[in-house]
Amino acid sequence: VQLQASGGGLVQSGGSLRLSCTASGTAIRLNDMGWYRQASGKQRELVAFIISGENINYADSVKGRFTISKDDAKNTVFLQMNSLKPDDTGVYFCNAVHPITRRDFWGQGTQVTVSS
């Protein structure tokens, strides 16, 4: 399974970005997909995740501002990020869990930079 993320960039505080991540190399539907991020000098942290295709978890810091969604037919997960803050700056990684092996797969990361 390969994950290809896109959509990062530079935006001013209060702006919006939309991240996309598409899985390839498998015909199996990936029901557990989501996003993590890692700021410089900090540990990677959960941002938002869809479990079993319907249960959604958000980090407290992004609730009400970020929305995660999936296109099951395309094994693609999206992250709509609104009202961005400088603290949202970091590398955003797409993650997927294989439904049978439970192996983790990671995308290459996409940089999000929010200027104040």
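Among all positions in region 84-97, there is at least one residue which is small (Gly, Ala, Ser) and touching a residue at least 24 places away in the same chain (Cβ under 8 Å). Test residue 9 against the criterion of being touching a residue at least 60 places away in the same chain (Cβ under 8 Å) and touching a Cys at 6+ places or on another chain (Cβ under 9 Å), and give yes or no. Spelling it out, it is not the case that residue 9 is touching a residue at least 60 places away in the same chain (Cβ under 8 Å) and touching a Cys at 6+ places or on another chain (Cβ under 9 Å). Condition check for residue 4 on (1) under 15 Å from residue 109 (Cβ atoms); (2) outside any strand (DSSP E or B); (3) touching a residue at least 40 places away in the same chain (Cβ under 8 Å); (4) not aromatic (Phe, Trp, Tyr): one failure, at (2).
Of all residues in region 14-60, those that are free of Cβ contacts under 8 Å to residues at least 12 places away in the same chain, within 21 Å of residue 114 (Cβ to Cβ) and in contact with a strand residue (DSSP E or B) (Cβ under 9 Å, 6 or more places away or on another chain) total 1. Where strands (runs of 3 or more DSSP E) sit wholly within region 14-104, those with at least 1 residues that are of a type outside the set (Asp, Glu) and open to solvent by 60 Å² or more (accessible area, probe 1.4 Å) occupy 17-24, 32-38, 45-51, 55-58, 66-71.
Flag set for residue 88, criterion: in contact with a strand residue (DSSP E or B) (Cβ under 8 Å, 6 or more places away or on another chain) and either among the charged types (D, E, K, R) or at pLDDT below 95 (or both).
The values are calculated or read from the model by the stated rules, or taken from the named source; none is laboratory data. All values derive from a computational prediction rather than experimental measurement. We place every Cβ from the backbone using ideal geometry, glycine too, and count neighbours over all the protein chains shown. In case anyone asks, the SASA skips ligands and DNA or RNA and just uses the protein heavy atoms, side chains included. Shrake-Rupley method; radii C 1.70, N 1.55, O 1.52, S 1.80 Å.
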